[in-house]
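Single-structure report; data block below.
The values are calculated or read from the model by the stated rules, or taken from the named source; none is laboratory data. Here the structure is a predicted model, which means the values were calculated and not measured. All Cβ positions, even for glycine, are placed from backbone atoms using ideal geometry, and neighbour counts span all protein chains on display.
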Amino acid sequence: MEVQCDLEKLTHLNIVVGRKQVVRVLEKQDAVQVFVALDADPVMIQPVLHLCKEQDIPIVEVKTMRELGRACGISVGSATVAQF
């Protein structure tokens with residue numbers, strides 16, 4: 001499931017950044033939606049996409065890791081982010 005979200009509001013949400021943290025939130029079934037960078041290594045994001053599909057969690061696609069990182073207020077790129 002794909003959804004649209006205003007990335008500028010991302011810093012005001014309860015989020016975790018990075019694949020390991022996102023997987024933890026998904027395993028606890030606490031995620032509301034997940035953001036995935038389209039330029040991320042598919043091997044890195046596959047576990048996240050699989051868990052989202054299993055749990056019917058909406059996925060927001062972002063063009064680049066850099067754009068997603070900036071939206072989270074960090075100075076590096078991020079492959080995945082989860083809102084919980």
Residue pairs qualifying under the 6 Å Cβ cut-off, at least six apart or on distinct chains, with the first in region 68-84 being over 11 Å from L13 (Cβ atoms) and the second being of a type in the set (S, T, N, Q) and buried (at least 20 other Cβ atoms within 10 Å of the Cβ), are L68/S78; G69/S78
Within region 14-59, restricting to residues that are of a type in the set (V, I, T) and either assigned to a loop (DSSP other than H, G, I, E, B) or touching a Lys or Arg at 6+ places or on another chain (Cβ under 9 Å) (or both), the one that is nearest to F84 (Cα to Cα) is V32
Looking across region 17-42 at residues that are over 8 Å from the mean Cα position of the chain (by Cα) and β-branched (V, I, T), the single one that is farthest from V76 (Cα to Cα) is V32
Filtering region 48-67 down to residues that are surrounded by fewer than 20 Cβ atoms within 10 Å (Cβ to Cβ), touching a residue at least 12 places away in the same chain (Cβ under 8 Å), within 18 Å of V25 (Cβ to Cβ) and not aliphatic (A, V, I, L, M) yields Q55, D56, P58
With criteria (1) at pLDDT 95 or above; (2) surrounded by 13 or more Cβ atoms within 10 Å (Cβ to Cβ); (3) among the aliphatic types (A, V, I, L, M), M44 comes up short on (1)
When (1) in contact with an Asp or Glu (Cβ under 9 Å, 6 or more places away or on another chain); (2) under 18 Å from F84 (Cβ atoms); (3) assigned to a helix (DSSP H, G or I) are applied to R66, the one that fails is (2)
